[in-house]
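J.: Handing you a structure now.
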């Protein structure tokens, strides 16, 4: 079943939870996905740009999408949401390495997105961990009356095709589940 204009798939897990792997997996299943869609959309929440961006795609994934999941749910009724999750301690370590690799060399929009999503643009472990847990709680609460619209996927714990394809009603492809950025 091909999704229509209204029926999109959004990966609403924060970055470093398997969002690139999810994007790749959805691509293998035939969905045209957008990964890390322009941070300014999540910061400015420009409705017209959101429409144009997602009209040509089947959905999007990563932090800019996660930051506005409620708005996407309103704009695209009937869509499905996949929240990639992982153990908070391993997530924080992955974030530490990510921030160390990127340093302060981020655009003003990415900086604003970090502040919107995590409450800080810098690597502050306690603040990041709290924001991560708050996001997962907000996602669960938002979809509590519509469990058929939310799927929680733990790629970093080994979940993959079986779980994802069951949620989407797709056959399991004859292809290994992608793991784009395996943490050491």
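J.: Pick from the stretch 155-184 the residues that are touching a residue at least 60 places away in the same chain (Cβ under 8 Å), assigned to a loop (DSSP other than H, G, I, E, B) and within 28 Å of residue 98 (Cβ to Cβ): which of them is farthest from the chain's Cα centre (by Cα)?
T.: Initial filter on the stretch 155-184 (touching a residue at least 60 places away in the same chain (Cβ under 8 Å)): 155-157, 160-161, 164-165, 167-170, 173, 175, 177-181, 183.
Cutting the leftovers down to assigned to a loop (DSSP other than H, G, I, E, B) gives us 160, 169-170, 173, 175, 177-181, 183.
Within this subset, residues satisfying the condition of being within 28 Å of residue 98 (Cβ to Cβ) are 160, 175, 177-181, 183.
Details: 160: 15, 175: 22, 177: 17, 178: 16, 179: 15, 180: 14, 181: 15, 183: 18 Å.
Selected residue: 175.
J.: From 82, 155, which residue is out of contact with any helix residue (DSSP H, G or I) (no Cβ under 6 Å at 6 or more places or on another chain) and at pLDDT 95 or above?
T.: Numbers: 155 fails: out of contact with any helix residue (DSSP H, G or I) (no Cβ under 6 Å at 6 or more places or on another chain).
None of the others qualify; the one that does is 82.
J.: Separate question: If a residue has to be crowded, with 18+ Cβ neighbours inside 10 Å and assigned to a helix (DSSP H, G or I) to count, how many in the stretch 53-65 make the cut?
T.: Initial filter on the stretch 53-65 (crowded, with 18+ Cβ neighbours inside 10 Å): 54, 58-65.
Okay, now just the ones that are also assigned to a helix (DSSP H, G or I), so 54, 63-65.
Here the count works out to 4.
J.: Answer with yes or no whether residue 14 is surrounded by 21 or more Cβ atoms within 10 Å (Cβ to Cβ), at pLDDT below 90 and out of contact with any strand residue (DSSP E or B) (no Cβ under 6 Å at 6 or more places or on another chain).
T.: Details: surrounded by 21 or more Cβ atoms within 10 Å (Cβ to Cβ): yes; at pLDDT below 90: no; out of contact with any strand residue (DSSP E or B) (no Cβ under 6 Å at 6 or more places or on another chain): yes.
Answer is no for this residue.
J.: Then there's this: Taking into account only those residues within the stretch 8-49 that are assigned to a helix (DSSP H, G or I) and without any contact (Cβ under 8 Å) to a residue 24 or more places away in the chain, which is farthest from residue 74 (Cα to Cα)? Give the derivation first.
T.: The initial filter retains those residues of the stretch 8-49 that are assigned to a helix (DSSP H, G or I), namely 19-28, 39-44, 47-49.
The next check asks that each one be without any contact (Cβ under 8 Å) to a residue 24 or more places away in the chain; those that pass are 27, 44, 48-49.
On the way: 27: 24, 44: 16, 48: 14, 49: 15 Å.
For the stretch 8-49, the residue satisfying everything is 27.
J.: Can you name every residue in the stretch 24-52 that is at pLDDT below 85 and buried (at least 20 other Cβ atoms within 10 Å of the Cβ)?
T.: Here is the first cut: in the stretch 24-52, the ones at pLDDT below 85 are 37-52.
Within the stretch 24-52, 37, 39, 41, 42, 43, 50 meet the criteria.
The values are calculated or read from the model by the stated rules, or taken from the named source; none is laboratory data. Remember, it's a predicted structure, so these values are computed and weren't measured experimentally. No Cβ is skipped: glycine too gets one built from the backbone with ideal geometry, and neighbour counts run over all protein chains shown.
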